[in-house]
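Comments concern the structure below.
The values are calculated or read from the model by the stated rules, or taken from the named source; none is laboratory data. Not measured: the values here are computed from a predicted model. We place every Cβ from the backbone using ideal geometry, glycine too, and count neighbours over all the protein chains shown. What goes into the accessible areas is simple: the full protein's heavy atoms, side chains included, and nothing from ligands, DNA or RNA. Shrake-Rupley method; radii C 1.70, N 1.55, O 1.52, S 1.80 Å.
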Amino acid sequence: LEEEGGTTTLVLEGRPPPPAAGDARGGGGAGEEAGAARSEQSRAVLQGPLLTPTADEAEDAASAIAAADDTRADADADPAAVRRRLLGTGPWEHGPLAGRQLFFLAGGVAFDGRGRRRGNWSVLPPPAGGALAEVRLAIGGAAPLSLEASCWRLRQRETRLAAADFVWKAPARRCFSSCSDRTSPPTEAAVRSSGLGRVAMAAAWSWGFNREGVRFVVEKGEALFRSPWGQGRWGFVPSRDDVIFVDFAQQMHMLRFDRAHARFVSTRCSDGDTVSGNPLGDTADITRRLEDGWDKW
């Protein structure tokens, strides 16, 4: 790179390979002149004005780079972390009722790819009593939406309907770090000595809208996951003490259990899809025990 008078010049220069032993071109004279000519012919010069990014452009670029390494457990509550995650992403598919396709662009610009409308977006701290950062989105002349980000799903606070979610089918590793953990089947002793494991095995659990129930069991020394869609395996992850991994139907899922309530949220690692689970039947015993913490089970 050469700079002069506000102009940056990128020079690409190719050189011929060194002559092989005994090659007549290695003796100088006409061979050297031909090599110099070839070298000069392969010299390419690209010139253009030196463009200095604005402060906002530089911040947006740095944020996009930093987002790849932002895997903190509390990132959904941090406005800066959520903004870094959303920046430059899309299309976010809306539910079948509205049919929107959103892109979150730099400078707070939002774009609806289907309606061909522009708008704006911003990320605010969690509202009073909330645990997730608030994403404010306004497209066209419509009233702003209040959304909460959970990995690659944006849920409307007003409706809480899954059909109204905005979803981007992206791998969950950036926003759910344990998806990158190396997993291995636990021993039976490890399962039975774990409070979290005992919570999981204490009941059959719903899986989204399915009420047939999934179960966490230990049979013949193996931790097995039983579901209406087939059998899999389950165990623990090294990076978190509130997460169980479940590997079934050729998909890895991370189940984060709520310490204060008898429930979990499963994140599918391949695309960030989430479903919730609750114990089926009488939950009074599980709820009572969770009040003391599952590590005391």
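List of remarks:
- For the range 175-193, a tally of residues being open to solvent by less than 20 Å² (accessible area, probe 1.4 Å) and among the hydrophobic types (A, V, I, L, M, F, W, C) returns 4.
- Contact map, the range 69-84: residues that are closer than 17 Å to GLY130 by Cα paired with residues that are open to solvent by 60 Å² or more (accessible area, probe 1.4 Å) and at pLDDT 85 or above, Cβ distance under 7 Å, separation 6+ or inter-chain. Pairs shown: PRO79/LEU124; PRO79/PRO125.
- Within the range 169-184, residues that are under 20 Å from ARG233 (Cα atoms) and touching a residue at least 60 places away in the same chain (Cβ under 8 Å) have Cβ atoms under 6 Å from residues that are basic (Lys, Arg) and open to solvent by 30 Å² or more (accessible area, probe 1.4 Å) in these pairs: SER178/ARG240; CYS179/ARG173; SER180/ARG173, counting only partners at least 6 apart in sequence or on another chain.
- Every pair of residues 6+ apart whose Cβ atoms lie under 9 Å, when the first sits in the range 193-213 and is more than 15 Å from HIS261 (Cβ to Cβ) and outside any loop (DSSP other than H, G, I, E, B) while the second is β-branched (Val, Ile, Thr) and open to solvent by 20 Å² or more (accessible area, probe 1.4 Å): GLY197/VAL218; MET201/VAL217; MET201/VAL218; TRP207/VAL275; ASN210/VAL275
- Flag if SER178 is within 16 Å of THR274 (Cα to Cα), in contact with a strand residue (DSSP E or B) (Cβ under 9 Å, 6 or more places away or on another chain) and among the hydroxyl-bearing types (Ser, Thr, Tyr): yes
- Taken together, the residues in the range 250-280 that are open to solvent by 40 Å² or more (accessible area, probe 1.4 Å), assigned to a loop (DSSP other than H, G, I, E, B), more than 16 Å from ASN210 (Cα to Cα) and of a type outside the set (Lys, Arg) amount to 5.
- Test: residue in the range 215-232 that is within 21 Å of the chain's Cα centre (by Cα), over 21 Å from LEU280 (Cα atoms) and not in a strand (DSSP E or B): no
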